[in-house]
Amino acid sequence: MNRHWCLKLVLATAAACILIPVALILVWSVTARWPWPDLLPVRLTLRTVRELFLGSAQLPRLLFSSVALAVATAVLGTAVGVLTARATELYAFPGKGLVRLCGLLPLLIPGTVFAIGIHLTLLRLGLADTLAGVLLVHVTVALPYCIAIMGDVTRAVGAGLEEQAAVLGAGPLRAFWLATLPGLMPGVLSSMSMAFILSYSQYFTTLIVGGGRVRTLALVLVPYIQSGDRPLASVYAVVFVGSALLIFFLLESAIHRMERGGKSK
Amino acid sequence: MWKFKRVSALALALALSISLTGCGGNTDSSGPGSSRSNGDATSGQSGGQPDLATASWDEIVETARGTTVTFYGWGGDENRNNWLNSDVADYVREKYDITLEVVGMNIEDILAKLAGEKEAGTESGSIDMIWINGENFYSAKENGLLYGPFTDQLPNMEAYIDLEDPETLNDFCMPIEGYEAPYAKAQLVMYHDSAVTSDPPASAQELLAFCQANPGKVTYPAPPDFTGSAFVRNIIYELCGWEQFQDMEADYDTVKAAIEPALDYLRELNPYLWNQGTTFPDASTTVDSMFADGELVMSISYAPYTVAIGIDQGTYAGTTQTFVFDNGTIGNTNYMAIAFDSPNKAGAMVVIDAILSAELQLSQYATLRELPVVTSDKLSTEEQAAFDQVDMGQGVLTQEELLSHRLPEMPADLVPVIEEIWLNEVVGQYNG
């Protein structure tokens, strides 16, 4: 009973730590002036809402490009993650450690150095300032996470079921699709969520590699944070968090429906 | 079967690594993205239009018609973003059929990007126009990141700009030589809430008394923040005069000896500052927010009409008031330049010329409340009347008050030296 109470306290603290700042951002998004030590804002404003919908930032286009880029990153990153994990977990080959290390490299190199270096490379390849270039970089940033997540899941699932399917006469693709993939699904979903949120929140890499031509929500949000325009930064932050949550919610419910549909068969 | 798979996986890995080294070996030749122009990159005169330097203005306008121009600059000012995307974009679309694309990017990132493109040998990049000044202009020009000279070809330079004005000729005392055109004028101002503090300081000595009367409630942004750095230079002007710095050598010891009285003064200020001067806010925007929150009684800005905008938006109390030192504050101009690898230099020249027009300068003055760069001597009576009619809002100084208290900037190469001295001699240090 006592332990139960403790657990609840910890959970409540954790929830408060997340929810109070989010609530503050909501209030700040329509606050003009809120000096210390007033408990409530002194003056509210609709400037931010006006700017959001009528300003020059073109919110629908921004949302579309951010979401499309993040979904593409999630799909590509996870696909590479599944295949890399398969290679390193199920096969023995020389240089396996090196492949694993290379998969982690984008995580080990400081972000700024990584962005500048990859910008030079993409310039030479003619991919700088293009959507394809930005997608490639986002996938590279997401890869260490995708590979790590898929590595764990692949190790847990193993090759047993697939071998069994092969023994029963299934071709390699069919064996993977029907025997292994369902077991990998929880990992695939985590990996996709991780890649999505990483791409969604990329600022510096998008800025440098996209050259400002590829515009995402983060690219508009961050300058307002830097310029200290708290109401505008807050209103964009609300859109940022809200849209990401909405996507996750849609994804979750789609999966639930899929799982239920799968079981009823 | 498993053995076969292992072999094919190995083959795949090998093929991958070969293709990777293939890419690495390829880097010396220019990539497909850089083969669009055939001019000579080192002359700085090339790009899409080889004989732009000798072309007549009509030919330049014809070349620019129907094109897209990108304008890269700081994107943290919502009002400026909207102004560029509406007023300026509409003006150049109607008049020249040019599409203006505004891209928000910090100047350090813009220069890093250009330097990268220079290193990669790009001849046709993505940046056309750049919002720039001071040390950044100096280093960009030194490193060949800018196209020019081009300003003597712009009709509105001759029509509206005072060509003998030191700020048209020099940027932070560094010769412009036609590599950038003026955009707007800025001037350092301070502001306080007259409902909280009654007498704003009119000199450095009064500022010391002001800090003593409001301990812990005054601070300034830590250089190299743009505004903080200008504030420190302004204190130096207060205590050491400004003339001697205009041709001073950028040598650490020379500069330190010259500014010793100011360093003394700043150390004397420290015990009364926020956090006892052991730390300073990282950016002027942080100081602005602290002032808006009532944590500080005074703030500093390089935008002379910022208080009017703050009162309009409700960020600042209606009793907020701008002030300057009796001996004056530092003013500078910010400028527009063209990237060395701009794919549309003609278009950039046309847009820059448009922004120099009396019409857009007036619209900038009225909408953004930025000091115009056009000189009143060259304005028609109607144009001058339109400027005079603009209501600058509450809590600000008039254009005459500002301009009569305007001091010139220091040479750009002294700026980083002073910032270094400040870091070594002022932060967290006290006299005696």
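The values are calculated or read from the model by the stated rules, or taken from the named source; none is laboratory data. It should be emphasised that the depicted structure is a prediction, and the values quoted were computed from it without experimental measurement. Ideal geometry is used to build each Cβ from the backbone, glycine not excepted, and the neighbour counts take in all protein chains shown.
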Failed condition for B:D162, given (1) in a helix (DSSP H, G or I); (2) of a type in the set (D, E, K, R); (3) within 28 Å of B:L368 (Cα to Cα); (4) in contact (Cβ under 8 Å) with a residue 40 or more places away in the chain: (1)
Would you be able to say whether some residue in region A:203-222 is more than 26 Å from B:L114 (Cβ to Cβ) and free of Cβ contacts under 8 Å to residues at least 24 places away in the same chain? no
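From the list A:G103, A:G126, A:G81, exactly one residue is crowded, with 19+ Cβ neighbours inside 10 Å and more than 24 Å from A:L245 (Cα to Cα). Which is it?
Details: A:G126 fails: crowded, with 19+ Cβ neighbours inside 10 Å; A:G81 fails: more than 24 Å from A:L245 (Cα to Cα).
A:G103 is the lone residue from the list that is crowded, with 19+ Cβ neighbours inside 10 Å and more than 24 Å from A:L245 (Cα to Cα).
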Between a first residue in region A:148-170 that is free of Cβ contacts under 8 Å to residues at least 24 places away in the same chain and closer than 18 Å to A:S190 by Cα and a second residue that is aromatic (F, W, Y) and in a helix (DSSP H, G or I), which pairs have beta carbons less than 9 Å apart while being 6 or more apart in sequence or on different chains? none
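For (1) charged (D, E, K, R); (2) more than 30 Å from A:V113 (Cα to Cα); (3) free of Cβ contacts under 8 Å to residues at least 60 places away in the same chain; (4) more than 7 Å from every other protein chain (Cβ to nearest Cβ), each residue gets a yes or a no:
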residue: B:D87; (1), (2), (3), (4): yes, yes, no, yes
residue: B:M105; (1), (2), (3), (4): no, no, yes, no
residue: B:G121; (1), (2), (3), (4): no, no, no, yes
residue: B:S124; (1), (2), (3), (4): no, no, no, yes
So the check is Cβ under 6 Å with 6+ separation or different chains; which pairs have a first residue in region A:119-130 that's more than 7 Å from every other protein chain (Cβ to nearest Cβ) and a second one that's part of a loop (DSSP other than H, G, I, E, B) and not aromatic (F, W, Y)? A:L122/A:A128
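Among the listed residues B:D282, B:D253, which satisfies the condition of being more than 20 Å from B:I330 (Cα to Cα), outside the structural domain of B:K141 (by TED's automatic domain parsing), out of contact with any Lys or Arg (no Cβ under 7 Å at 6 or more places or on another chain) and free of Cβ contacts under 8 Å to residues at least 24 places away in the same chain? Before the answer, list the steps.
Working: B:D282 fails: free of Cβ contacts under 8 Å to residues at least 24 places away in the same chain.
Among B:D282, B:D253, only B:D253 is more than 20 Å from B:I330 (Cα to Cα), outside the structural domain of B:K141 (by TED's automatic domain parsing), out of contact with any Lys or Arg (no Cβ under 7 Å at 6 or more places or on another chain) and free of Cβ contacts under 8 Å to residues at least 24 places away in the same chain.
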In region B:340-350, is there at least one residue being assigned by TED's automatic domain parsing to the domain that holds B:D58, within 18 Å of B:A159 (Cα to Cα) and modelled with pLDDT of 95 or more? yes
Residues being without any contact (Cβ under 8 Å) to a residue 60 or more places away in the chain and in a loop (DSSP other than H, G, I, E, B) - total across region A:25-42: 9
Would you mind telling me which numbered condition in (1) under 21 Å from B:A181 (Cα atoms); (2) of a type in the set (A, V, I, L, M, F, W, C); (3) more than 14 Å from every other protein chain (Cβ to nearest Cβ) B:A339 fails? (3)
Checking B:A303, B:A366, B:A317, B:A337 in turn, the sole residue that is aliphatic (A, V, I, L, M) and in a helix (DSSP H, G or I) turns out to be B:A366
Failed item, numbered, when B:S342 is tested on (1) outside any loop (DSSP other than H, G, I, E, B); (2) surrounded by 22 or more Cβ atoms within 10 Å (Cβ to Cβ): (1)
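With surrounded by 13 or more Cβ atoms within 10 Å (Cβ to Cβ), more than 9 Å from chain B (Cβ to nearest Cβ), of a type in the set (F, W, Y) and closer than 30 Å to B:I309 by Cα as the only criterion, which of A:W28, A:W34 stands out? Quick ask: steps written out before the conclusion?
Values: A:W34 fails: more than 9 Å from chain B (Cβ to nearest Cβ).
Answer to the selection: A:W28.
Condition check ((1) over 29 Å from B:G277 (Cβ atoms); (2) in a helix (DSSP H, G or I); (3) touching a strand residue (DSSP E or B) at 6+ places or on another chain (Cβ under 8 Å)) across all residues:
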residue: B:E382; (1), (2), (3): yes, yes, no
residue: B:D388; (1), (2), (3): yes, yes, no
residue: B:M392; (1), (2), (3): yes, no, no
residue: B:A412; (1), (2), (3): no, no, yes
residue: B:W422; (1), (2), (3): no, yes, no
residue: B:G428; (1), (2), (3): no, no, no
Of all the helices (runs of 4 or more DSSP H) wholly in region A:111-188, which have at least 2 residues that are under 21 Å from A:L101 (Cβ atoms) and in the same structural domain as A:G210 (by TED's automatic domain parsing)? A:111-125, A:131-157
Elements of type helices (runs of 4 or more DSSP H) contained in region B:44-151, each with 2 or more residues being more than 21 Å from the chain's Cα centre (by Cα) and at pLDDT 95 or above: B:57-64, B:89-96
Sole miss for A:L59 among (1) closer than 17 Å to A:L217 by Cα; (2) at the interface with chain B (Cβ under 9 Å from one of its Cβ atoms); (3) in contact (Cβ under 8 Å) with a residue 40 or more places away in the chain is condition (2)
Scan region A:183-235 for residues that are of a type outside the set (D, E, K, R), facing chain B (nearest Cβ under 9 Å) and touching a helix residue (DSSP H, G or I) at 6+ places or on another chain (Cβ under 8 Å) and report the count. 14
Restricting to region A:201-222, give me the number of residues that are closer than 17 Å to A:A115 by Cβ and in a helix (DSSP H, G or I). 10
Which condition does A:T45 not pass, out of (1) in contact (Cβ under 8 Å) with a residue 60 or more places away in the chain; (2) surrounded by fewer than 10 Cβ atoms within 10 Å (Cβ to Cβ), if it passes all the others? (2)
